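Accompanying notes for the structure given below.
The values are calculated or read from the model by the stated rules, or taken from the named source; none is laboratory data. The model shown is predicted, which means the values in this text are computed figures rather than measured ones. Heads up, the Cβs are rebuilt from the backbone with ideal geometry, glycines too, and the neighbour counts pull from every protein chain shown.
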Amino acid sequence: MKIAKYIILLLLLITGTVSVFVATKDGSYSIKKNKIIDVPKDITFNYVSDLKNWDSINPWKNEVFTIQQNEILDNSTITRNLLINEKESEIQMVFSDTLNKKTSLTWITSGKMGFREKLLGLIGRGSKNDFENRFDEALTAINNTLTREINTFSVKLDGFIKRDTIFYIQRPIASSKEQIPNKIKSNLPQLERILISTGTASNGNPFIIYHSKDTINNKYVYSLAIPVKEKIYTTAESDIITGQINPSSTVKATLTGNYNHKPAAVKQLHSYMETNRLEVSDRYKEIEVLVKNAATDKLASKWVTEIYIPVRPKKIVLKPNPVKKDSLSSSTTNFPEKTTTN
C-alpha cells in the first residue's frame, strides 16, 4: 500500500514539475523554410499568387481552412492571413531570382503557443513542428507541379496553310517574354467586354500579332486581338482599335504546353520551310492563335497555341555565265591570212 502511495506521489511530483516547466517555457516560435524551385521567378510567382491554383499546393486542404486576406507586394512577396481550424495564422512567401534562372522561395510564419501546444511540442507534435512539416509539403508540391507543367509539351507540324481575310479588334501591349501569359490573362476579358458592350460577335479564338521582338533586351511589342465577322469602322476617340489581315500563305505548327516551348515549334517550322524552299514573307506578321490560354486554363500543360509564320517561295538568284566564244568566232580568229599569188 505504501509503495502505491509513493508511486502516486512520484507521478504527482513529475506532473507538477512538467507543468511548471511547460508553463514557464517560452511559447514563441518563428519558422522559415526555403526551397529552390526549378523554374524562373516570374512563372513561380504568377502561379503561387493566383488563388485559383492554391488547392494544388495547399498543405491544409484536409483541414477547416479559409484565406482571410491575400496581399501581394512588388512581385516578390505574398502575405496571407489564414484561419486554420479556427486559429488565425499569417504566412509570408518571399520570391527571389537565382543565378541559374530558378527561384528561391521562402515561407515564413511566427506565433505563440498555448500550454497544450507547448506540451505537444515536447513530443514533436506542436504548432512549430506542424508548420515545418506543412511548409516542406507545400514547397515540394510547388516544385513538382511547376516542373511538370513546364516540361510537359508536344508539337504538331501542320505544314502549309492558306489563311483567309481576318478582321479583328486589338489592344497593343509591350512586355517581356515571360509576362505574355499574364498579359493575356488580364487584357483578354477587357477585349471581350468591349465586344459585348458593342453587340459585336467574335469569329474564332483570340490571337497575338507580333510587331517587333527585341530578344537581347527581352522586349516584345505585340497586339492581343479577337477576330470579328465584319470590318468595324470606329472614330478616333473610340476605345476600339481595329485591324485586318489579308489572305496569306503560312506554315503552321500547334504547340500544346507552356509558351516557353515555342522555340521547339518554330524550329520545326523553319526546318519545314527549308525543305520546301520557303522563306519568311515581310508583307505579313507572325500570329499565334490562342486556342487554350492562361485566361481559360490555369495548367500551362493544357495550353494550345497555333503558330502561323507567313511565307513565300525562296527567290532564285541566277549567276551570270561567263561569255564564251562560239566555234565560228574561234575558227574565224584562227583562220590563216589569205595570201595573193602573182
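Tabulated values for the structure
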read-out: Selection within segment 146-198 - surrounded by fewer than 14 Cβ atoms within 10 Å (Cβ to Cβ), among the small types (G, A, S) and in a strand (DSSP E or B); value: S154, G159, A174
read-out: Among (1) among the aromatic types (F, W, Y); (2) closer than 23 Å to T44 by Cβ; (3) outside any strand (DSSP E or B) - the single one Y220 does not satisfy; value: (3)
read-out: Residue that is in the same structural domain as R163 (by TED's automatic domain parsing), more than 20 Å from P310 (Cβ to Cβ) and at pLDDT below 90, where the choices are K292, K262, K231; value: K231
read-out: Sole exception among (1) within 24 Å of Y308 (Cβ to Cβ); (2) touching a residue at least 12 places away in the same chain (Cβ under 8 Å) for K213, by number; value: (2)
read-out: Flag if I43 is assigned by TED's automatic domain parsing to the domain that holds E137 and at pLDDT 85 or above; value: no
read-out: Counted residues, segment 234-255 - those being at pLDDT 85 or above and either surrounded by 11 or more Cβ atoms within 10 Å (Cβ to Cβ) or under 22 Å from W303 (Cβ atoms) (or both); value: 12
read-out: Members of segment 199-217 that are assigned to a strand (DSSP E or B) and either touching a helix residue (DSSP H, G or I) at 6+ places or on another chain (Cβ under 7 Å) or not charged (D, E, K, R) (or both); value: S202, F207, I208, I209, Y210, H211, S212
read-out: Residue in segment 36-48 that is within 17 Å of the chain's Cα centre (by Cα) and assigned to a strand (DSSP E or B) present; value: yes
